[in-house]
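A.B. asks: The structure is given below, and queries will be raised subsequently.
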Ligand code: FES
């Protein structure tokens, strides 16, 4: 596929996640974790339900840009059903990828791999990593 067509396909998938985000909302009976992007003030509210060290369910809400919303949607798809350790590993792979460090491991991110292009726009890295950072904090808090 020509590079420009591939680029359009990536953009369409990202736009689709932003328009119709997966796992959007709140989980009943689960404490929410709120995190903001200090560069723009946008906020994510993340609820994560753990069972036996596994992410049994996850949901996000709040307000953010297209990149932030799409990235949150993709993150929830990527980590649901994963252990805390696996989810932290994916968060690490994602963080390196959006900073331009690419390798084969990023395939494990599923559609979140499509966020690799953010590395060309450093001012958007915080948008893309907001939900992943919230997830890391939620996992940290679950260990306390
Ligand atoms: Fe606020 Fe992207 S501009 S999260």
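Values in this text are rule-based calculations from the coordinates and carry no lab data. The model shown is predicted, which means the values in this text are computed figures rather than measured ones. Here the Cβ is made from the backbone with ideal geometry for all residues, glycine too, and neighbour counts use every protein chain on show.
A.B. asks: Separation between the residue 63 and residue 7 pseudo-spin-labels, each 7 Å from Cα along Cα→Cβ, expressed in nm?
C.D. replies: Distance between label points: 3.2 nm.
A.B. asks: Would you mind ranking 48, 13 so that the residue whose beta carbon has the fewest other beta carbons within 10 Å leads the list? Let's see the in-between values first.
C.D. replies: Working: 48 27, 13 14.
Ranking 48, 13 by Cβ neighbours within 10 Å, fewest first, gives 13, 48.
A.B. asks: What order do you get for 40, 127 when you list them from fewest to most C-beta neighbours inside 10 Å?
C.D. replies: By the 10 Å Cβ count, ascending: 40, 127.
A.B. asks: Also, I was wondering about something else. To the nearest 10 degrees, how steeply does helix 84-98 sit against the main Cα axis of the chain, on a 0 to 90 scale?
C.D. replies: Its long axis makes an angle of about 30 degrees.
A.B. asks: Listing 22, 17, 63 from the residue with the fewest other Cβ atoms within 10 Å to the one with the most, what is the order?
C.D. replies: 63, 22, 17
A.B. asks: So for the pair residue 40, residue 86, with labels modelled 7 Å out along Cα→Cβ, what separation do we get in nm?
C.D. replies: Roughly 3.1 nm, to one decimal.
A.B. asks: Length gain on complete extension for the stretch residue 52 to residue 143, per 0.36 nm per residue less the alpha carbon to alpha carbon distance? Numbers along the way, then the final one.
C.D. replies: Details: separation 91, 0.36 × 91 = 32.76 nm, distance 1.19 nm.
Difference between extended and current length: 31.6 nm.
A.B. asks: With the convex hull built on the Cα atoms of region 78-140, state its orientation-averaged projected area in nm².
C.D. replies: With the hull built on Cα positions only, its mean projection is 3.9 nm².
A.B. asks: Per residue, how big is the convex hull of region 46-107 when only Cα atoms are used? Give it in Å³.
C.D. replies: 79 Å³
A.B. asks: If eta is 0.890 mPa s and T is 25 °C, what Stokes-Einstein diffusion coefficient results for region 20-74, Kirkwood Rh from Cα pairs, in µm²/s?
C.D. replies: 210 µm²/s
A.B. asks: Another question, if that's okay. Is it possible to state the helix-based mean residue ellipticity at 222 nm for the chain, with each DSSP H run of 4+ residues giving -39500 (n - 2.57), the sum divided by total residues, to the nearest 500 deg cm²/dmol? What is it?
C.D. replies: That calculation yields -14500 deg cm²/dmol at 222 nm.
A.B. asks: Binning at 10 angstrom from zero up to the longest distance, how are the C-alpha pair distances of the chain distributed in percent?
C.D. replies: Reading the bins upward from 0: 12, 45, 34, 8, 1.
A.B. asks: Helix 3-19 versus the longest principal axis of the chain: what angle, 0 to 90°, nearest 10, using Cα atoms?
C.D. replies: Once rounded, one gets 30 degrees.
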